[in-house]
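To start, the structure under review is shown below, and the notes come after it.
The values are calculated or read from the model by the stated rules, or taken from the named source; none is laboratory data. Owing to the predicted nature of the structure, the values given are computational and were not obtained by experimental measurement. Note that each Cβ is placed from the backbone with ideal geometry, even for glycine, and that neighbours are counted across all protein chains shown.
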Amino acid sequence: MTTLKELNELSSKASGSRLNAERAKRTQDRLAAIRTAETPLTIWMETSGRYANEDMTLIKGVINEFSSDLLRVLELRQEAIARKHSADAALAKAQLESLVTPEVTS
């Protein structure tokens, strides 16, 4: 037979779980709004308000979890930029040399 104390503990556990689920759903909705907003995440991070600490903790957790992947993407982007600038420099050098170097005529 279940005692009153056990019933109260179960009721308390159920209430706590329900509140945690509601809180997680509200956080999910806020994060979805951030993701779909016109404002870039970095701007939101600078100007966030009421729930900033909780949301920032979650966002930082994801950044930490995927930091090596994020850094690799940044590395690849910088590599592509470096290649483009190197190609631009080589083209400009070739154009300059063609203008400065006299043509040899036979």
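Values computed for the structure shown
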quantity: Matching helices (runs of 4 or more DSSP H) fully within region 1-76 where at least 3 residues are surrounded by 10 or more Cβ atoms within 10 Å (Cβ to Cβ) and among the polar types (S, T, N, Q); calculated: 4-36
quantity: Filter result (within 18 Å of residue 52 (Cβ to Cβ) and charged (D, E, K, R)) within region 10-36; calculated: 23, 26, 29, 30, 35
quantity: Looking only at region 43-90, and only at residues there that are of a type in the set (Asp, Glu) and touching a Ser or Thr at 6+ places or on another chain (Cβ under 8 Å), the one that is nearest to residue 31 (Cα to Cα); calculated: 55
quantity: Filter result (of a type in the set (Gly, Ala, Ser) and either touching a His at 6+ places or on another chain (Cβ under 9 Å) or at pLDDT below 95 (or both)) within region 36-86; calculated: 37, 48, 49, 52, 61, 67, 68
